[in-house]
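Read through the structure below, which is laid out as structure tokens, and then see the notes.
Every number in this text was worked out from the coordinates using simple rules, so none of it is lab data. In this text the structure is predicted, and so the values were computed from the model without any measurement. FYI the Cβ positions are ideal-geometry reconstructions off the backbone, even for glycines, and counts take in every protein chain you see.
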Amino acid sequence: MKKLYIGTNTKMYKLRAETAEYVHSLALGVKECSEKFLQLFVIPSFTALDVAVQSASGSNNILIGAQNVCWAERGQFTGEISPLMLQELSIEIVEIGHSERRHIMHETNREIHLKVAASLNYNFTTLLCIGELQEEKDADIGDDVLRLQIKSALHGIPKEKLEKLWIAYEPVWAIGNAGYPADAKYVTEKHLVIRQTLIELYGSQTGDSIPILYGGSVNKGNCCDLICCKNVDGLFIGRSAWNVGEFLEIINKTIDAWKEKQ
Ligand code: PGA
């Protein structure tokens, strides 16, 4: 069975004790529904990474990730967290370029490229987030934006380095409280553009092997439709995953739909 990726970024919501409890309950919950093809992951705040790793340690089914990384190992970068520091905490995933980083913190494509290159060099599973703004969708330049974000992030990175690259397509207009979910037809179109761009850059063997996850207002009502779209290899979930019971419901439904899709 092809691998299925389901994970959440808890953004800036959960404190240490809440994160520990969340990962612990999730690990217990998935014990019952655990499937070999399922790869779960949780991306908490920096300050809760150590307790998240501890809580996940018994499960061997949940990977823990960081929400950002600096491209430099050491240096004059006040307030930043280096890849070495994440390694020290046994972090396995690094998320880069989430829309809130791009559009609230004004991270540029150039910075995102540096971070992706550093993260892959340090052998982290690297979750590159891309997505178009509402105004870009309205102007019908969404595909161009996606191609630009992929090409600039991966510029000069050889295919041998991409073994641990994942991509999350998250249309900015679909994310968060003000977001509305993308429909299956739209998601299928955009995932095809992403797949074609990866193949254009790296050939079909590598291009086809990179997992592409969908994120933005995923919930228990739309998870099955979304996971059934062609070129959707997983779901990256915010609000609907932060209650363990609700997340487990989504995970179980998605697993069933995934099995049917194969
Ligand atoms: P959401 O967040 O599921 O709450 O829309 C998704 C994300 O920001 O990754």
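What is the list of residues in the stretch 180-209 whose amide nitrogen lies under 15 Å from a point 7 angstrom out from the Cα of E163, following Cα to Cβ? Once the point is set 7 Å along Cα→Cβ of E163, 206, 209 turn out to lie under 15 Å by backbone N, inside the stretch 180-209.
Remark: relative contact order (the stretch 1-148) = 18 percent; criterion is Cα-Cα distance under 8 angstrom and separation of 6 or more residues.
Take every Cα pair under 8 Å whose residues are at least 6 apart in sequence, average their separation, divide by the length of the stretch 160-214, and the relative contact order is 47 percent. Restricting the trypsin sites (Lys or Arg not before Pro) of the stretch 55-157 to loop positions (DSSP other than H, G, I, E, B) with no more than 14 neighbouring Cβ atoms within 10 Å leaves R74. With Cα atoms defining each centre, the stretch 216-247 and the stretch 130-164 are spaced 22 Å apart in the structure. Expressed per residue, the C-alpha convex hull volume of the chain stands at 119 Å³. Computed from point charges on the beta carbon alone (+1 for Lys and Arg, -1 for Asp and Glu), the dipole magnitude for the stretch 1-124 about its Cα centre is near 280 Debye. Largest GNM mean-square fluctuation across T47, T188, T126, computed for the chain with C-alpha springs under 10 Å, falls on T47. For Q39, nonlocal amide neighbours, meaning residues 5 or more places apart or on other chains whose placed amide H falls under 5 Å from its own, are L4, Y5, I6. Considering only alpha-carbon pairs that sit under 8 angstrom and 6 or more positions apart, the relative contact order computed for the stretch 73-135 is 40 percent. Between K151 and K220, the simple label model (points 7 Å from Cα in the Cβ direction) yields a spacing of 4.4 nm. Stokes-Einstein D for the stretch 196-262 at 10 °C, 1.306 mPa s, Kirkwood Rh over Cα pairs, in µm²/s? It diffuses with D of about 124 µm²/s by this estimate. Taking the charge dipole of the chain about its Cα centre, with +1 at Lys and Arg Cβ atoms and -1 at Asp and Glu Cβ atoms, the residue from N109, L86, F37 reaching farthest to the positive side is F37. In this simple spin-label model, placing a label point 7 Å from the Cα along the Cα-to-Cβ direction at both Q196 and K253 gives a separation of 3.1 nm.
Dipole size of the chain about its Cα centre, with +1 on Lys/Arg Cβ and -1 on Asp/Glu Cβ: approximately 400 debye, rounded to the nearest 20. Packing, taken as the mean count of other beta carbons within 10 Å per residue, orders the peptides 77-90, 172-185 from highest to lowest as 172-185, 77-90. Of the residues I104, I194, I130, the one that moves most in a GNM of the chain with alpha-carbon contacts below 10 Å is I104.
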